[in-house]
1. When you scan the stretch 33-61, how many residues do you find that are at positive phi and at pLDDT 80 or above?
2. May I ask you to verify whether Leu84 is more than 26 Å from the chain's Cα centre (by Cα) and aliphatic (A, V, I, L, M)?
3. Since Arg60 meets every condition but one in (1) within 21 Å of Pro102 (Cα to Cα); (2) open to solvent by less than 100 Å² (accessible area, probe 1.4 Å); (3) touching a Ser or Thr at 6+ places or on another chain (Cβ under 7 Å), which condition does it not meet?
4. Name the one entry in Ile32, Ile77, Ile49 that is open to solvent by less than 20 Å² (accessible area, probe 1.4 Å) and of a type in the set (A, V, I, L, M).
5. Please go through the stretch 70-93 and pick out each residue that is under 25 Å from Ala106 (Cβ atoms) and without any contact (Cβ under 8 Å) to a residue 24 or more places away in the chain.
6. Please verify whether Trp139 is farther than 16 Å from Gln53 by Cα and aromatic (Phe, Trp, Tyr), treating the condition exactly as stated.
7. Could you check, for the stretch 159-172, whether at least one of its residues is assigned to a helix (DSSP H, G or I) and touching a Leu at 6+ places or on another chain (Cβ under 8 Å)?
8. Report yes if Phe100 is farther than 30 Å from Glu178 by Cβ and either among the β-branched types (Val, Ile, Thr) or modelled with pLDDT under 75 (or both), otherwise no.
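The values are calculated or read from the model by the stated rules, or taken from the named source; none is laboratory data. Computed from a predicted structure; not experimentally measured. Quick reminder, even Gly has a Cβ in these numbers, built from the backbone with ideal geometry, and neighbours come from all protein chains shown. Side chains included, ligands, DNA and RNA excluded: accessible areas come from the protein's heavy atoms. Shrake-Rupley method; radii C 1.70, N 1.55, O 1.52, S 1.80 Å.
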Amino acid sequence: MEHTLGPQRGRTGQVFLLGLFVAAAAFLPYVIVDKGHFFFYGDFNVQQIPFYQLAHQAVREGNLWWSWKTDLGANFIGSYSFYLLFSPFFWLTIPFPTGFVPYLMAPLLVLKSGCAAAMAEADKAARIEREAEEEVAQWDRRAELALRANREDMAREALAEKIQAQERLAQLAGNREEYERLADKCRE
């Protein structure tokens, strides 16, 4: 069971960049029409962008414990940690002034898309590697069965297939590790 469409060594950055470019191509016309903003229908405009701005301003000013701007007042960390504070993408906005936050939404979504592509490819590589491990075990079982049936010729063939499967597995393990390194960078 050879995977010709499986992940290939040296292509980790390409997958990330492909995700970036596809998202950029999709969002750019809207950003141009909206003069730098990325407006999206629904909760994105009325919740996500204001949450980003409020959390951004609070972090930059050091007001992390209590916010009077949420309902009648609320624990800031408890209210916004789920949405933003534990997102590595949120922290990329901190060096910019709060007024820039609406303009950063499209670049953040593009970056998230690139990271999502890299993580999906890492998951695919891990799945293909698990399938290759099962193939190695399957050829090993076939060799044992052939030996029990006194069919040394079939056992040799099964062991030869097992060796080829082990070589593919070693290559896939290297590919998976490469994709996981890129996915880990996205998580940081």
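1. Within the stretch 33-61, residues that are at positive phi and at pLDDT 80 or above number 1.
2. So Leu84 does not fit the description; no.
3. Going through (1) within 21 Å of Pro102 (Cα to Cα); (2) open to solvent by less than 100 Å² (accessible area, probe 1.4 Å); (3) touching a Ser or Thr at 6+ places or on another chain (Cβ under 7 Å) one by one, Arg60 breaks only (2).
4. Just a single option satisfies the conditions, and that option is Ile49.
5. Ser81, Phe82, Phe86, Ser87, Phe89, Trp91, Leu92
6. So Trp139 passes the test.
7. no
8. No; evaluated as a whole, the condition is false for this residue.
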